[in-house]
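For reference, the structure discussed in these notes is given below.
Each reported figure results from applying straightforward, stated rules to the coordinates on display, with no laboratory input. All values reported here derive from a predicted model rather than from experimental measurement. When we count neighbours, we look across all protein chains shown, and the Cβ atoms used for this are built from the backbone with ideal geometry, even at glycine.
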Amino acid sequence: TLSDRLTSVLSNLRGKGRLSEADIDATCREIRIALLEADVALPVVRSFIGQVKQRAKGAEVSQALNPAQQVVKIVNEELIGILGGETRRLNLAKNPPTVIMLAGLQGSGKTTLAGKLARWLAGQGHTPMLVAADLQRPNAVTQLQVVGERAGVPVFAPEPGNGVGDPVDVARRSIDEARRAQHDVVVIDTAGRLGIDEEMMRQAADIRDAVQPNETLFVVDAMIGQDAVTTAEAFRDGVGFTGVALTKLDGDARGGAALSVRQVTGQPILFASNGEKLEDFDVFHPDRMASRILGMGDLLTLIEQAEQAFDAKQAEEAAAKIGSGELTLEDFLEQMLAVRRMGPIGNLLGMLPGAGQMKDALAQLDEKHLDRVQAIIRGMTPQERADPKIIKGSRRARIARGSGVSVSEVNDLVDRFFEARKMMQQMAGRFGMPGVGGGRR
Ligand code: GDP
Ligand code: MG
């Protein structure tokens, strides 16, 4: 799947201390192939890759993130961008009822979505009503009635026995009924055809003119891939729509439609449907979809936290000292506090691909232990922190007494500090860059 491909492309970068132009080009080539295989429309792929490449090459050297993390961050931000950026809320009418019209091909999931949307609206404290304006197929009205019953929402339908009613008339009358019965939202289900068809477009446009919807949602089956774009363009030109509802995301392993539709039509995705049950429905959040596509939820959270917790200047200074073997206990303490600001240490260490040289040294410590380490270092004089070599027997006993620990704990800490310093100096030499990053290969 797209997610697997992207994950593997990006994890190939992991452990690189620095990315060359060739690395970035190769990565972008892989991402491009992954997107095309996922059926993302070519113009969308092109502009996406262009953006990622430009940003990756121009990226400033970050103190908080290693190069692989930076590329993940850029790809994620660009994904969110093509998915629409911010979550788009439903437009509600100032004077109820709010009218929502659903349009789309037959089988795209309109009737199912009508029920889901109505149920969701009711859950939000609205008093929705469903409207059966699909009078094309014999069973369409009954199907909506069943859905409405399940959702616990009333359905407005033409009276039976009058032959085939006029969908435009049904839609128009439904607004009066909503006003009378005080339904604040009306969801109109319309007819679709298997292919794009002029008569269907005209009917949808007539309904639109009759009810002046606040939102016209183009309902599209995510599984149709590239065709989603063609269909979306036809509906945009024939009926016009203000938003998109993506359905059958549960069956879409590729993600192409989600990534193309927004960019190609210029209209936001409002809702996502991912199953046959009424509950399989949610507001569409571009950022969540992006991290689902990237399949790196944990890593993305971590990147955010690392950036927030990290004091770049401090890190730079520490990095320089590590390279020259001059790291002090004061630095050790500061770095430890920076890592701690990222959250509970237990959560972090497991998923940390390279958030600091202190990782290995800290890996053996639990939270309680860290408190004691902090106490010990605080119990030292500035001179001792700056030049730990002078911490000999009598000083150790004094520090232990002052910070309420045993002498062997002080010994432990000092030993571990020297070990860590040596190890970090070696690592800094090996990766040719002393800063944060690199991490385990
Ligand atoms: P309409 O012709 O546009 O009204 O489409 P329907 O609502 O009748 O849906 C067509 C078929 O797709 C039905 O069998 C639905 O159960 C199914 N369906 C609708 N939405 C989803 C979805 O999100 N996931 C899955 N797996 N099936 C869906
Ligand atoms: Mg239907």
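Results, tabulated for the structure shown:
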| quantity | calculated |
| --- | --- |
| Mean Cβ count within 10 Å, highest first, over the residues of peptides 260-270, 167-177 | 260-270, 167-177 |
| Theoretical gain in end-to-end length, LYS389 to GLU149 [0.36 nm per residue, Cα-Cα removed] | 78.6 nm |
| Separation between Cα centres of region 369-417 and region 13-83, rounded to whole Å | 46 |
| Ordering of 30-38, 44-52, 135-143 by packing [mean C-beta count within 10 Å, highest first] | 30-38, 44-52, 135-143 |
| Under the Karplus curve 6.51 cos²θ - 1.76 cosθ + 1.60, θ = phi - 60°, whole-Hz ³J(HN,Hα) for region 398-415, x wherever Gly or Pro sits | 5, 4, 4, 4, x, 9, x, 10, 7, 4, 5, 5, 5, 4, 3, 4, 4, 4 |
| Region 330-337 - phi-based ³J(HN,Hα) in whole Hz, Karplus 6.51/-1.76/1.60, Gly and Pro as x | 4, 5, 4, 5, 4, 5, 4, 5 |
| Gain in span if fully extended, GLU77 to SER20, counting 0.36 nm per residue against the direct Cα distance | 18.4 nm |
| Built amide H within the under 5 Å cut-off of ALA133, gap 5+ | ASP189 |
| Region 217-261, Cα convex hull volume normalised per residue, Å³ | 53 |
| Counting DSSP beta bridges with both ends in region 98-284, the antiparallel % (nearest 5) | 10 |
| Added length on full extension, which subtracts the Cα-Cα distance from 0.36 nm per residue, ALA320 to ASN91 | 77.0 nm |
| Region 98-284: relative contact order in percent, alpha carbon pairs under 8 Å with at least 6 residues between | 26 |
| Ordering of 400-409, 374-383 by packing [mean C-beta count within 10 Å, highest first] | 374-383, 400-409 |
| Amide hydrogen neighbours beyond the local backbone of VAL185, cut-off 5 Å, H modeled | THR98, THR127, MET129 |
| For region 81-86, Karplus couplings with θ = phi - 60° (6.51, -1.76, 1.60), whole Hz, Gly/Pro x | x, 6, 7, x, x, 6 |
| Links that overshoot a 26 Å alpha carbon limit, given the list LYS321/LYS392; LYS73/LYS277; LYS73/LYS116; LYS321/LYS389; LYS73/LYS321 | LYS73/LYS277; LYS73/LYS116; LYS73/LYS321 |
